[in-house]
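Worksheet: the structure to be examined is printed underneath.
Read the figures in this text as sums done on the coordinates, not as results from a lab. The model shown is predicted, which means the values in this text are computed figures rather than measured ones. When we count neighbours, we look across all protein chains shown, and the Cβ atoms used for this are built from the backbone with ideal geometry, even at glycine.
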Amino acid sequence: MSITSDLLRGHTDTIILRRLLHQDSYGYEINKYIQEKTNGEYELKEATLYSAFRRLEENGWISSYWGDETTGARRRYYKITASGEKAYGQNIKDWKQAKYLIDELIEEGGK
């Protein structure tokens, strides 16, 4: 799992932005989604998740607001911004280019 974590760590922002494209969400829900999508093989540490939220908000890629839950603790929700959507699109282009280059360099049968 540590190799997988190392490979995915650089894509934390993109993973979070992708989830927020679908719907506004809060930390626990995003981490639960990641665990479910990866069949429990990957999860973000709480410190990593909230550092990413801070970084994304400072970049203007997400904004946050407090939910109005009637029961339980109040939750801080995160919403992707227009510049966050653009950043997500660029990150996907960058990922595809990097994936292509890595595949060329390490796949059997490459040049």
Using alpha carbons only: equivalent-ellipsoid semi-axes of the chain, gyration tensor based, whole Å: 30, 17, 11
Gaussian network model of the chain, springs between alpha carbon atoms under 10 Å - residue of Thr48, Thr14, Thr70 with greatest fluctuation: Thr70
Lysines whose Cα lies under 17 Å from that of Lys86, excluding same-chain neighbours fewer than 8 positions away: Lys96
Chymotrypsin sites (Phe, Trp or Tyr not before Pro) restricted to DSSP loop in region 15-80 with at most 10 other C-beta within 10 Å: none
Loop GluC sites (Glu not before Pro), region 1-70 (other Cβ atoms within 10 Å of the site Cβ: 13 or fewer; DSSP): Glu41, Glu69
Over the chain: helical MRE at 222 nm, DSSP H runs n ≥ 4 each giving -39500 (n - 2.57), nearest 500: -19500 deg cm²/dmol
Estimated vicinal HN-Hα couplings, Hz - region 77-84 in sequence order (Karplus 6.51, -1.76, 1.60; Gly, Pro = x): 9, 10, 10, 6, 9, 4, 5, x
Lysines whose Cα lies under 19 Å from that of Lys45, excluding same-chain neighbours fewer than 8 positions away: Lys32, Lys37
Rh (Kirkwood; distinct C-alpha pairs) - region 1-60, Å: 11.8 Å
